[in-house]
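The values are calculated or read from the model by the stated rules, or taken from the named source; none is laboratory data. All values reported here derive from a predicted model rather than from experimental measurement. Every residue, glycine among them, receives a Cβ derived from its backbone with ideal geometry; neighbour counts consider all protein chains shown. Surface areas here come from the heavy atoms of the whole protein model, side chains and all, with no ligands, DNA or RNA. Shrake-Rupley method; radii C 1.70, N 1.55, O 1.52, S 1.80 Å.
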Amino acid sequence: AAKENVEGIVQITKDEEIGQIPLDEGRHRTIRQVVIVAIASLWFMSLGILLAFSNGAEADIRRHGKTIYGTPITFSSKQLDMLSSMIYVGSIPGSLLWGWLPGKLGRKAAILLLVLPHSIGWLVTGLAVNPVMLLTGRFIHGIAQGATSVASITYIVEIGESSIRGKLLIFTQIFIAIGFFITVTLGLGLHYFQFAYLGVTFSIISFVLHLPLPESPLYLVVNGRQEEAKKILIKLRGSMTEIESEIFNLKHENEYLKNQSVLTNLLQPQVLKSLAVVITVFLIQNMSGLYVFYFNATRIIVDSTRNSPGAIDERLAVVLSFILQLAGTVIAISYIDKIGRKKSIIMSLLLVAICNFIMGSYDIVTKNTCISNCFNEMNSTTTEIVTAAIDQTTFTADNDNI
């Protein structure tokens, strides 16, 4: 447990001893970890760009329908749907492969290799001459998506100390939201193949900035490289932290897990309970329609406002939607520790349910001629009543002035 006293000293109590860390040292080590995690999270900005790519790409294909070579390219409705769905198809082999690579090559090497699926996916997408080639690029983007989610999060969790680990993971969502916003904003003026330049640029920047980052201490301990792990932990935690104790705990935990089969570990009641919670949360998140909207915001807004006179421009509407998404992420940071993770999830899902209900109701109303006419008549009647009331108020006010 950690407590901060009046003199500005953080008391860290352990089983064997009690150490004291100056407040400045505590801040410095937190800043070091935050910087490292922020750089590692840049891959999630690249991920946000490729996830939201279908919004700008679809709008550009509908309007211009030209490849990078100036030749025409035409997509059927199903092929446009596949611009998004191919991401999920590719994420399966990406997750499996990059679930194996960090254990064999190391966390840092696995993250550096992310530059391959990210860059290759963008090159194939940008140079596409037909729908099949572009969809192949999206499949490779899916590999990048699965790989990034596994490799980067593993690294972030192992780099950060337990007291700030939850907050550090928020960086991933912030950078995804920024990637979404960049994509839909630039999508107002870029052709779909020009996004390839943007995507490759961010991939290379992420790769270069990740080169000087340290290896995961846990990976080093597991592979018997305790001295290297100790040096990295001193840089991350500071010289006044009990490093030997942390290395001992990591080594002991790894040896314990090695002596247990995977099935035995999974069947432990606490593990089963935690696994059930995680699966439920991810199932609800993926079935809530959030990602459907992220991938297809442009189409949803275009289809819903097609027959609405005076409707807002769909490109502006998409930008505003993702601005709200970014704002929601930032707001969540400020209250998540105050109200707790569980309440935050419940509140978020309630908001998603309300918005889905409103969107679904609007679609039913606008597509049902009878209901739509009734609403139009109600609006017309309401307008007449309001106009009459305003006229009466104006007439009464004029009389009072007279």
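Annotations for the structure displayed:
- FRET E, pair D337, D81, Förster distance 45 Å, beta-carbon r, rounded to 0.05: 0.70
- Accessible area per residue was computed with a 1.4 Å probe on protein heavy atoms; H210 scores about 0 Å².
- For trypsin sites (Lys or Arg not before Pro), no site in segment 21-121 is both called loop by DSSP and has at most 11 other Cβ atoms within 10 Å.
- Segments 342-349, 49-56 sorted - mean Cβ within 10 Å per residue, highest first: 49-56, 342-349
- A probe of 1.4 angstrom, applied to the heavy atoms of all protein chains, finds E244 with accessible area near 90 square angstrom.
- Estimated inter-spin distance, I204 and M347, nm [label 7 Å along Cα→Cβ]: 4.3 nm
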